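Colleague: Handing you a structure now.
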Amino acid sequence: MAIKRKALGKGLSALIPEDLEKQDNQRIEDIDTSLIRPNPNQPRKVFENEKLEELTDSIKKYGVIQPIIVRKDGNLYTIIAGERRWRACKNANISSIPCIVRDIENKNASEIALIENIQREDLNPIDEANAYEYIIERYGITQEEVSSIVGKSRVYVTNIARLIKLDKYVQNKIITNQISAGHGRAILSLDSERQIELTNRIIKENLSVRDVEKLVRDSKKVKKKKKIVEKDKYLCYIEEMLTERFSTRVNVKNKKSKGKIEIEYTNNEDLNRILDLLNIEE
């Protein structure tokens, strides 16, 4: 059976011609599962046992309805798309699997694997982020180009790709659906220790993304206040002396070897009073 796909982006549309079904039907081969190996650059790193078992049971009953796509590498075959089906066949002790063998460049092979996996609803955000990162680093392309390949907006790709900057502990909680990608983005600006601390709190208290965003904003305000350096005691003494001298608020600011003195006044009359005290004629 031929594989049908929607037009998902320039990379895919340029790779797959309109008469793909006809070409694919001519290329389907039954290949020994022992001669097939997974793609080391496969975007999907986590295969849920329960869903894999369901697919295994389905294949035992109905066989492999949709061929996998492979690339010939010497005497072996590397999977481009369909690793889950191949794993299910091995679990079902099925010796061969229908394959479409394609002779394409590595970049295009990665694009197909990436696109097929990203379009699946059960691909977790961390696998998706790693997929984008791999394509960007491996081929030196931009997030804009990646967004074109996968048929998603650049903003979406950027937001997902940022998740790989999270602490591994937090990433694992996203993979296992204990927190969402939205939670992850909300705590990205925190250090690893704080990320882990807040992640555990999210799980324990069932916090929403908005709750977390507020907590992060509040923590930054507190941190900012803590950064305020206490003024030098001598400068405080100068401020008090000048405040008493001019009967108005005086602020002495100091930065390294430079600084400035600010004298407040409430109106023109008050300004003239201060000028008189400074013996400055208008």
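Just so you know, all these numbers are worked out from the coordinates, no wet-lab data involved. What you see is a predicted model; the values in this text were computed from it and never measured. Note that we place each Cβ from the backbone using ideal geometry, even for glycine, and neighbour counts take in every protein chain shown.
Colleague: Going by how many other beta carbons lie within 10 Å of each one, how would you line up Glu213, Glu50, fewest first?
Modeller: Ranked by crowding around the Cβ, least crowded first: Glu50, Glu213.
Colleague: Moving to a separate point now. Mind checking the full-extension length gain between Ser58 and Leu123? Use 0.36 nm per residue of separation minus the Cα-Cα distance, one decimal, nm.
Modeller: Contour length minus the Cα-Cα distance gives 21.4 nm.
Colleague: Take Thr142, Thr266, Thr243, Thr199 and order them by how many other Cβ atoms sit within 10 Å, fewest up front.
Modeller: Neighbour counts put them in this order, fewest first: Thr266, Thr142, Thr243, Thr199.
Colleague: Which whole-number percent is the relative contact order of the range 177-226 (Cα, under 8 Å, 6+ apart)?
Modeller: It rounds to 42 percent for the range 177-226.
Colleague: Would you mind ranking Cys236, Cys89 by Cβ crowding within 10 Å, fewest neighbours first?
Modeller: Cys236, Cys89
Colleague: How high is the relative contact order of the range 233-277, given as a whole-number percent (alpha carbon pairs under 8 Å, six or more residues apart)?
Modeller: Reported relative contact order: 27 percent.
Colleague: List, in the order given, every pair from Lys214/Lys256; Lys61/Lys173; Lys72/Lys152; Lys51/Lys152; Lys51/Lys168; Lys51/Lys173 whose Cα-Cα distance in the structure shown is over 28 Å.
Modeller: Exceeds cut-off: Lys214/Lys256; Lys61/Lys173; Lys72/Lys152.
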